[in-house]
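Comments concern the structure below.
The values are calculated or read from the model by the stated rules, or taken from the named source; none is laboratory data. Everything numeric in this text was worked out from a predicted model, so none of it was measured. As a convention, Cβ positions derive from the backbone with ideal geometry for all residues, glycine included, and neighbour counts pool all protein chains shown.
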């Protein structure tokens, strides 16, 4: 009897929500005798399984999954290899083909292969952010486990230079922490710090999280393996919390009018598209210079008819073709670059790189009236408002600081002015931050000197990742010091020490109690030693609780595994 011909169905099931799994993907799963996939992926489709055999593997075992799928198919079985997103985008499709090719597979008489597309992360995440991928876009994986970092960096540089909207896959993991930092550094050479950035974690899954931020501030938020980072281009803007990248229709259409100045048969004429390749070719045929000479624009050119009741026509001289479209938007007040300049200026800067830029530096600093004192005086608040002015901003944080942001070329004078008002000034970013309760409105001041001494010794000093050292002035611990990286509780004239807290995430947990009843002198010396070990041995962007776990001990205090988290379905509302 002729043996049944096997089949491999390589299935992308999208972000994971049942409603986003295509009909063909569901059908292929039902048809399969064997399901092969990474543990998390199998869990996401358990509701679709009936009596299929299931082969689960862990992360980094893609090759063994592909080999097993081919082996099972060659034995005559119908096998489904599952991937989230699209199986052909950083999924299993290519690897399956590589394994087959290595076995001299021929499509005509070998096992059948079907690739079933799914919704890739760039699409699912974009839908949650608004419309950030309305123009040319690319995807770049920041994982350098299989691709040399030098190659990835070149791709990031090229995409940034070409003004692509960029979707970053695999941005960060427990071991890979520096890549996203380097990527931000590259992008900031070509994009405004205010460029909109969307961070989408676990799109369309139970623990979905969406953050809209900027290129300058993106690293202040949690970014992990389940996060897709979408970076806008030079035209991308924010509106009501949504990220929008214009397609460019406003160059030819009046978006708020039903009757258009340009009739349908006029819209594709070369004279209506002075930025196009056809326009350049026509100008060269007329003998105009290649380097942006007349190129045919010394005549009256109606760029986009009547846009927003503003007639855009006239003698434009010798601008770059793209500048004509941007100038029309500038006239309408529809386009501003990061400095509030015109679109034409922004476009020129984008093409010229660093040499053509004159973006103002944004100075960012944390300000507080004291470590224990939480009360700003009228004079201090007035000084903050005056320094911020119309171009700056102030943000109050849960850590009893005001973050001051403003354009400034020489921040030293600002720092001096703030200190003259009796304010403490703190750097922002990956530094040690000493925070404390208000000691019952300064009525229980015994531990204040310790908090101030710790701030003097380590406050504002560089760390692998932001390090929070928190002190509670009594045993009530109402300030929540025991939830921070390093927690200190003053109790009965001595100090209790806690290490490795984590306030957010699925595995959030309190810090471990490691010492009890130690003196002020012992405490300060111990915390300084912990700080030193962490800063000297921690990986870039490695949080303290992860370092503590990896190092297994810090300052002689052993790490203990936290109990597993308990899954709770919280019911909110009535």
Inset, instruction - Go through (1) surrounded by fewer than 16 Cβ atoms within 10 Å (Cβ to Cβ); (2) touching a helix residue (DSSP H, G or I) at 6+ places or on another chain (Cβ under 8 Å); (3) modelled with pLDDT under 95 and name the single condition residue 64 misses. - result: (2)
Inset, instruction - Could you check how many residues of the range 382-397 are over 17 Å from residue 370 (Cβ atoms) and loosely packed, with under 14 Cβ neighbours inside 10 Å? - result: 8
Inset, instruction - Give the residue, chosen from 514, 527, that is at pLDDT 95 or above and more than 15 Å from residue 453 (Cα to Cα). - result: 514
Legend entry - Unique residue being farther than 20 Å from residue 547 by Cα and modelled with pLDDT of 90 or more when the list is 420, 470, 432, 477: 420
Legend entry - the range 224-234, subset crowded, with 23+ Cβ neighbours inside 10 Å and part of a loop (DSSP other than H, G, I, E, B), residue nearest to the chain's Cα centre (by Cα): 232
Inset, instruction - Would you check if there is a residue in the range 174-193 being under 30 Å from residue 7 (Cα atoms) and assigned to a loop (DSSP other than H, G, I, E, B)? - result: no
Inset, instruction - Just give me the residues in the range 483-502 being closer than 24 Å to residue 541 by Cβ and touching a residue at least 24 places away in the same chain (Cβ under 8 Å), in sequence order. - result: 483, 484, 485, 486, 487, 499, 500, 501, 502
Legend entry - First in the range 96-120 and in contact (Cβ under 8 Å) with a residue 12 or more places away in the chain and on the phi > 0 side of the Ramachandran plot, second anywhere and surrounded by 12 or more Cβ atoms within 10 Å (Cβ to Cβ) and assigned to a loop (DSSP other than H, G, I, E, B), Cβ under 6 Å, 6 or more apart: none
Inset, instruction - With respect to residue 198, determine if the residue is crowded, with 17+ Cβ neighbours inside 10 Å, outside any helix (DSSP H, G or I) and touching a helix residue (DSSP H, G or I) at 6+ places or on another chain (Cβ under 8 Å). - result: yes
Inset, instruction - Return yes when residue 125 is in a helix (DSSP H, G or I), in contact (Cβ under 8 Å) with a residue 12 or more places away in the chain and either in contact with a helix residue (DSSP H, G or I) (Cβ under 9 Å, 6 or more places away or on another chain) or under 30 Å from residue 245 (Cα atoms) (or both) and no when it is not. - result: yes
Inset, instruction - Search the range 516-530 for residues being part of a helix (DSSP H, G or I) and in contact with a helix residue (DSSP H, G or I) (Cβ under 9 Å, 6 or more places away or on another chain), and hand back the single one that is farthest from residue 461 (Cα to Cα). - result: 520
